[in-house]
Amino acid sequence: MKKIITLCFLAAAINSYAQPKLITQAIITTKTTIVAPDDDEANAPPGAPGGGDGNVRIMNFLGDGETKTTTWLKNDIFKTFSETETGRTTIIRDNGKKMTTTIIEMMGKKSGFYASDEDQENMRKRMDSMMQARNQDASRPTPAAPKVDVVYFEETKKIAGYTCNKAMIITTRSNGRADSSVVWFAPDLKLQGISSTGGSFGGLGNFLQSASTNAMDQLKGFPMQYERNMPRGRKMTVQVTKIVTDKEIDDKEFEVPKDVELKSAKDMQNGRGQGFFQMRRDG
């Protein structure tokens with residue numbers, strides 16, 4: 001009997017040790033690099049992020065080249081700040097309230113909008129409907145959600161001081177097309193409410209996430225580096241460069257600046273606000 005009890009406690013201890021540590025407060029610095037093929041300019045679609053009418057048009061949250069992103073996490077709230085040649089983007093996500101606030105600084109102007117998870121889902125459905133109508137195939141059924149598989153490998157390497165394991169996320173769409181993303185993850189680390197950092201994950205909460213990015217919360221740890229193929233032959237590489245977990249974060253870090261007027265995202269999309277935004281799903 002003693003042997004059985006001892007083995008039970010040993011098994012429980014091993015399982016407890018194997019569980020990744022859940023971090024509820026941290027500052028994460030991430031580098032995102034997007035490399036375009038040499039002929040990308042010739043194939044790029046027309047249009048610019050801003051318009052002469054004063055309205056805000058968000059075409060892409062990340063351009064080609066290197067972008068550094070800083071994320072602050074405190075319990076159920078996190079904030080992500082990124083800066084590119086065209087402007088700055090700040091996203092404040094409250095997982096408890098299921099609300100995302102986005103602040104855009106572009107051409108000397110600041111615009112802010114907020115959207116609940118329900119609002120984002122409705123906008124996603126509306127955009128799918130518009131794309132379906134544009135393709136003049138209204139009878140075509142909405143594609144089923146992609147199937148996601150995660151394959152693990154024994155390879156390891158150090159990233160930002162953490163020993164990381166290699167995995168591959170394979171996304172198979174309803175038409176049979178399969179895409180894969182290589183991910184290096186820290187098996188002893190998890191961030192509360194954050195499945196990944198960097199890339200295009202923070203544009204509108206979950207709105208701009210790809211299927212492979214959404215699947216990262218299935219990993220047995222936190223993704224420290226991943227690669228993803230993008231439209232027009234571009235390739236995106238995201239790598240965490242630093243994680244600070246021993247610094248107290250003030251609640252003021254997540255406050256919206258007083259000089260930013262917030263509007264509802266659904267009202268802006270419907271044209272009921274002073275501005276509106278356009279979204280693209282091309283990464």
Next item on the list: Sort the following peptides by mean Cβ neighbour count (other Cβ atoms within 10 Å, averaged over residues), highest first: 82-95, 150-163.
Entry: 82-95, 150-163
Check: For segment 77-92, what does the Karplus curve 6.51 cos²θ - 1.76 cosθ + 1.60, with θ = phi - 60°, yield as ³J(HN,Hα) per residue in whole Hz, taken in order and with x for Gly and Pro?
Finding: 10, 9, 10, 10, 10, 9, 9, 10, 5, 8, x, 10, 10, 10, 10, 10
Margin query: For the pair E154/M131, report the inter-label distance in nm, with labels modelled 7 Å from Cα in the Cβ direction.
Written below: 4.1 nm
Notebook entry, point to check: Contour minus end-to-end for T241 and N75, with contour as 0.36 nm per residue of separation and end-to-end as the Cα-Cα distance?
Noted result: 57.6 nm
Item checked: Under 5 Å, built H, 5+ apart or other chain: amide partners of Y162 -> none
Notebook entry, point to check: Near the amide H of M224, under 5 Å away, which other amide H atoms are found, from residues 5 or more places off or on another chain, if H is placed in the peptide plane?
Noted result: W184, F185, A186
Item checked: Net charge of neighbours whose Cβ lies under 14 Å from the Cβ of I249, counting Lys and Arg as +1 and Asp and Glu as -1 -> -3
Note to self: Between R177 and E66, what is 0.36 nm times their sequence separation minus the Cα-Cα distance? Round to one decimal in nm.
What the structure shows: 37.1 nm
Next item on the list: Using a cut-off of 12 Å between beta-carbons, work out the net charge of the residues near S180 (Lys and Arg +1, Asp and Glu -1, S180 not included).
Entry: -1
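FYI, it's all coordinate maths here, none of it is from the lab. What you are looking at is a predicted structure, and each value in this text was computed from that prediction instead of being measured. FYI the Cβ positions are ideal-geometry reconstructions off the backbone, even for glycines, and counts take in every protein chain you see.
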